[in-house]
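Engineer: Can you read through this structure? Questions will come right after.
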Amino acid sequence: MDFIKRHYEKVILLGLFLIFIGLMFLVQSVISSTQEVKESDLRLPPRQPDYVNEDEKDPKFNTETRWMNSNFKWNSIPALTVNGEPNNDLVSPFQMAACPHCSKLRGKRYTMLIPMAHFNSKDEKFNRCPECGVKLLAPLMINIPELEREFFIIDNDRMLLETHAEALYKEEDERIKQEEERVKQEEERKKQLEDERIRQEEERIRQEEEERNTLEKIASDLWQETIEEDNRLTEISTKLHQEEEAQVTYEFTRLTEISAKLHQEEETQTLYEFTRLTEISAKLHQEAIDETNRMQDIFAKVHQEEAEKQRAEDEKDRDDDGLPNDEETKYGMNPDDPNDIRYDNDGDGFTNLFEIQNGFRPDDPKDHPPLWWRLQIKAIRRIELPIKFMALNDNASSDKSTWLLQFNYPDPRRKGRMTSAYRQIGNTLEIDGRPYRIEDVERIVTEKERAAGNLDEGTVIDKIDESRVTMVEVVKDPAAVPDKLVMVINKTAYSNDMRPALVDGGNIRRKTEKVLKVGENITLGLFATENKQEGGLTSAQRKKEVRTYQLKSVDAEKLIIHMIDVTPGLEDDKKSGEIVIQGIGKVPANLTPIKKVENSNNNGGGVPIPAMRD
């Protein structure tokens, strides 16, 4: 508030100055707007349309209807032949008639033939001679049976036509006179409208000129008043500035005295506070030293207890593999080998740790999870068929039954070397262990344009053979749905069904993929071990543990397969129930068996035990 009281004149001056600037901008914008000619000022007022809208669906615009309603007759023209071959002229004749008015206007010797349609037309625009423009009357008609009912114009010495012509001339003159009168009235109306528009435009320009002069006068008066107000405010500001300088000098002197007094009192208070804080700091430092010593004693005691506890835990599991020493000794494992949890001591394809986690003995080859737990799905895909459509010989005939087809396939009798087979439509061929009959073959040749090697040669058209053969599986069961293959020439063929690629995760010697189709089997068994004298099985005993599983269905989207136990000679109660394998199967990847490491010892860190799978 003190600031406003001291400087209110400057605040008022600033406000007036801002108002003045705003008024100057306003005046400038008004003057600029009055001097601009806008596009809307030069635009002519729109005229109302002087035509009548026509309906395109009106019958008078229908060609077929107008032809059917016409009273003239087209004579049929028989087909012309020359030496037994069709030879029609491109011009068709139509009926003509002489205009009775052209001879009057241009002389008796002048005869103008025009189409008969101009005489018979009901349209006023078309019912006129295209040469002289006079309206035509329908001619008198007479039926002459001897001339095959053709119609001729009877010009009774042209008397009747001349009488009609006179009436038509008068009517035409009246129409022309009315049209000229209408055009004259239209021109006068346009002139009146144009004069009115010019008068309004001049009035608008005059009013704008008066407004501009008024605004210029107001702006000039405002400018003069602003200059006078500015001079007056300058005088007031100078006077206030002098008074303010005197007041500031007095205030500065007074503040200097007060500051010196406060500084002296502050130095005295600071010295007292510093002495007091020094005493408190010394006391707190001694208390901190005592607390630190007490915490060090407590930490040393806790650390000693933790070390003793850790030594006791290490003594229970020396190799730090997650299994206690007593547990490893119980199953014949080495408590100093951290890798033995991944070994398969009994040869059943499952690691020692996995069997212990799932309630089985790792030292008994007969006590193990179902063998199908070892199966892992690597992929589910369509397989490449071991056959290829190589060539098609049509023998220059359109009869497909005579065409010869060449197929290449690996011959097992020749150690898998490629062999050619030649077949025709209706023949059978074994593909993927199933018979297929050739049902149809289609010759397809496409053309593809490419640039020639030499730039001067332009482009070259390549012919690409894309012929294809359709083959249908031969099935014995009438209810079965046969498989259908379509093979393209020189292209790899793939199966229609999705097949899983399975791997035995318990086989540490090799991880071979086995691709199964629905209905095929896979056999799993135990592996030989080196401790037969300590409970290992013989070859005959291992054969009894062999299991055979058959693929029943495949779900490629969810990566799931369903199988059944079809082990021959095995009781139903000993067979596995519903077998569902998804992804990597039951055994995690970090719990699959590994080869034994010779002279393995505890190096301070073992293989961590993963979480159990549901």
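Engineer: Tell me, which helices (runs of 4 or more DSSP H) wholly within region 1-84 include 1 or more residues that are at pLDDT 80 or above and under 30 Å from Lys217 (Cβ atoms)?
Structural biologist: In region 1-84, 2-35 are the helices (runs of 4 or more DSSP H) which contain 1 or more residues that are at pLDDT 80 or above and under 30 Å from Lys217 (Cβ atoms).
Engineer: Within region 546-559, is there a residue that is at pLDDT 85 or above, farther than 30 Å from Asp483 by Cβ and of a type outside the set (Gly, Ala, Ser)?
Structural biologist: yes
Engineer: Just wondering, is there one or more residues in region 227-242 that are in contact (Cβ under 8 Å) with a residue 12 or more places away in the chain, farther than 23 Å from Leu26 by Cα and of a type outside the set (A, V, I, L, M)?
Structural biologist: yes
Engineer: While we're looking at this one, here's another question. What number goes with the only condition from (1) touching a residue at least 40 places away in the same chain (Cβ under 8 Å); (2) farther than 19 Å from Pro588 by Cα that Tyr343 does not pass?
Structural biologist: (2)
Engineer: Okay, next question. Just name the residue that is modelled with the highest pLDDT out of those in region 530-545 that are crowded, with 16+ Cβ neighbours inside 10 Å and of a type in the set (D, E, K, R).
Structural biologist: The extreme case among them is Glu545.
Engineer: Here is a further query. In this structure, does Asn395 turn out to be modelled with pLDDT under 90 and surrounded by 15 or more Cβ atoms within 10 Å (Cβ to Cβ)?
Structural biologist: Answer is no for this residue.
Engineer: Is it true that Thr278 is out of contact with any Pro (no Cβ under 6 Å at 6 or more places or on another chain), more than 30 Å from Gln28 (Cα to Cα), in a helix (DSSP H, G or I) and of a type in the set (S, T, N, Q)?
Structural biologist: Judged against the criteria, Thr278 is a match.
Engineer: What number of residues in region 468-522 are within 30 Å of Asn393 (Cα to Cα) and touching a residue at least 60 places away in the same chain (Cβ under 8 Å)?
Structural biologist: 13
Engineer: In region 437-459, what count of residues is obtained for those that are modelled with pLDDT of 80 or more, surrounded by 10 or more Cβ atoms within 10 Å (Cβ to Cβ) and part of a strand (DSSP E or B)?
Structural biologist: 6
Engineer: Restricting the search to region 305-345, which residues are at pLDDT 80 or above and either of a type in the set (S, T, N, Q) or under 57 Å from the mean Cα position of the chain (by Cα) (or both)?
Structural biologist: The answer is Leu323, Asn325, Thr329, Asn334, Pro338, Asn339, Asp340, Ile341, Arg342, Tyr343, Asp344, Asn345.
Engineer: May I pose another question? Anything in region 296-351 that is of a type in the set (A, V, I, L, M, F, W, C) and within 30 Å of Phe527 (Cβ to Cβ)? List them, or say none.
Structural biologist: Passing the criteria: Leu323, Met333, Ile341, Phe350.
The values are calculated or read from the model by the stated rules, or taken from the named source; none is laboratory data. Bear in mind the structure is a predicted one, so any value in this text is a computation, not a measurement. Every residue, glycine as well, gets a Cβ built from its backbone with ideal geometry; the counts of neighbours run over all protein chains shown.
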